[in-house]
Amino acid sequence: MSDIVWFIGKRILQSILTLFILLTLLFFMFRILPGDPTTMFVDAALPVEAQEAVKEQFGLDKPLSEQYWTYLSNFVQGDFGISFSSREPVLNVISHYILPTLMLMGATIAVALMIGILFGALAAWHRGTRFEAAIVSSALFFKSAPIFWIGMVALAFFSYSLDLFPTGGMYEPGKEATGFFQTYINIEFLHHLILPVAVGALYYIANPLLIMRSSMIEVMQEDFIEMNRAKGLKESTIMFKHAMRNAMLPVVTEIALLIGFAIGGQVLLEVVFNWPGIGRLIVEAIQQNDYPVAQATFFLMGFIVIVLNLFADILYGLLDPRVSYK
């Protein structure tokens, strides 16, 4: 037990240090980028005194070291600052974009995992056949192709040529929805969701598929598989009930990494499909030199990845008794 506590404590401290480094990098990264953010909200026609007053309001008149200390202090207190462009608290700005991103990313990861696990197991079970070669080749093809290219091809074919799916967004232009159920639990939202989810799932499917295939190949060599065959169990029962069940462990830890990759790819996916989520917000914030919004969104993405990796490390040890914390 003491080894487990020591390991968890060590990983938590490492995660806190990583978050601190991330915060520091975000602060200095956006301040060395070309462009002056004050031009977005300070009218050049204003008197010099008025311009200085606006800069003072956002703390941009202070030395860089003082800005950095204020920035860290505010983050510890959960204060992400005020958006330069909208003049709203950053948390209020981000809150409008979180749910659409979670809906899209959650559905994408769920589909990629379900299909990847199933076809990875089938590919291993039919090892050495054309079926396996076709499955693995297709997964690697979509993994190697840029996600924005897959998205544009899908839009050109399914939306513009066949007119089967909308060209982007969550709703038809001009329509507004209020409330969770009216916004997300309806046929129109699902219709807009299908194509970006399919594109994202095709892009992310390779990792769980290949990991599941490798794990299944190892499990199929175990003695209990032959014992189940000797008992006269059906091949489908052996594969789904026994082999897949024991091969799932490596895929569990892959979920954290998959979410990390999905967060990065989400930016391009949302831009291609004009999806009103965090990814598109990041692009707009960078274009407008809106430091507070860009910093907060990047920190949120990094925080999710770091926490998920921490949970994956702990969960792997709890699920697999072979793992030693010494």
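Distances over 21 Å make up what percent of all Cα-Cα pairs in region 167-252? The share of Cα pairs beyond 21 Å in region 167-252 comes to 55 percent. When the alpha carbon coordinates of region 87-200 are projected onto the principal axes, the ranges are 59, 33, 27 Å, largest first. Note that the chain presents 55 Å² accessible area per residue, ligands and nucleic acids not counted, probe 1.4 Å. For the peptides 68-81, 94-107, residues were scored by their other Cβ atoms within 10 Å and the scores averaged per peptide; the highest-first order is 94-107, 68-81.
Helices that extend 30 Å or more along their long axis by alpha-carbon positions and average at least 0.5 on the Kyte-Doolittle scale are, among the DSSP H runs of the chain, 2-31, 90-125, 249-272, 291-319. Calculate log10 I(q)/I(0) of region 198-295 for q = 0.13, 0.14, 0.17 Å⁻¹, where I(q) comes from the Debye formula with a single equal point scatterer on each Cα and nothing for solvent. The Debye formula, applied to the Cα set alone, gives -0.62, -0.67, -0.81. Could you tell me whether region 233-273 comes out rounded, prolate or oblate from its Cα gyration tensor? Rule is a ≥ b ≥ c as square roots of the eigenvalues, rounded for a/c under 1.5, then prolate if a/b exceeds b/c, otherwise oblate. It comes out oblate by the Cα gyration axes. For the chain, the calculated P(r), taken from all Cα-Cα distances in 20 Å bins from zero up to the bin holding the longest distance, is 25, 49, 23, 3, 0 percent. Determine the shape class of region 94-147: with a ≥ b ≥ c the square roots of the Cα gyration tensor eigenvalues, call it rounded for a/c under 1.5, and otherwise prolate if a/b is greater than b/c, oblate otherwise. Verdict is oblate for region 94-147. If the chain linking Ser86 and Ala156 were pulled fully straight, counting 0.36 nm for each residue of separation and taking away their Cα-Cα distance, it would gain 21.8 nm. Each label was represented as a point 7 Å from its Cα along the Cα-to-Cβ direction; for Glu49 and Glu222 these points are 7.9 nm apart. Fully extending the segment from Leu102 to Leu164 would add 19.9 nm, taking 0.36 nm per residue of separation and subtracting the current Cα-Cα distance. Computed across region 123-281, the Kirkwood radius stands at 18.3 Å (inverse of mean 1/r, all Cα pairs). Rounded, prolate or oblate: which fits region 249-309, taking a ≥ b ≥ c as square roots of the Cα gyration tensor eigenvalues, rounded meaning a/c under 1.5, else prolate when a/b beats b/c? It is oblate, given that a/c is not under 1.5 and a/b is not larger than b/c. For the chain, the fraction of 1.4 Å probe accessible surface lying on carbon and sulfur atoms is 66 percent. When the convex hull of its Cα atoms is viewed from all sides, region 165-214 shows a mean projected area of 4.5 nm². Please work out the FRET efficiency for the pair Lys10 and Ser73, using the Cβ-Cβ distance as r and a Förster radius of 25 Å; give the result to the nearest 0.05. The pair Lys10/Ser73 has a calculated efficiency of 0.40.
The values are calculated or read from the model by the stated rules, or taken from the named source; none is laboratory data. A quick note: this is a predicted structure, and the numbers were derived from the prediction, not measured. Quick reminder, even Gly has a Cβ in these numbers, built from the backbone with ideal geometry, and neighbours come from all protein chains shown. These accessible areas exclude ligands, DNA and RNA; they are computed on the full protein's heavy atoms, side chains included. Shrake-Rupley method; radii C 1.70, N 1.55, O 1.52, S 1.80 Å.
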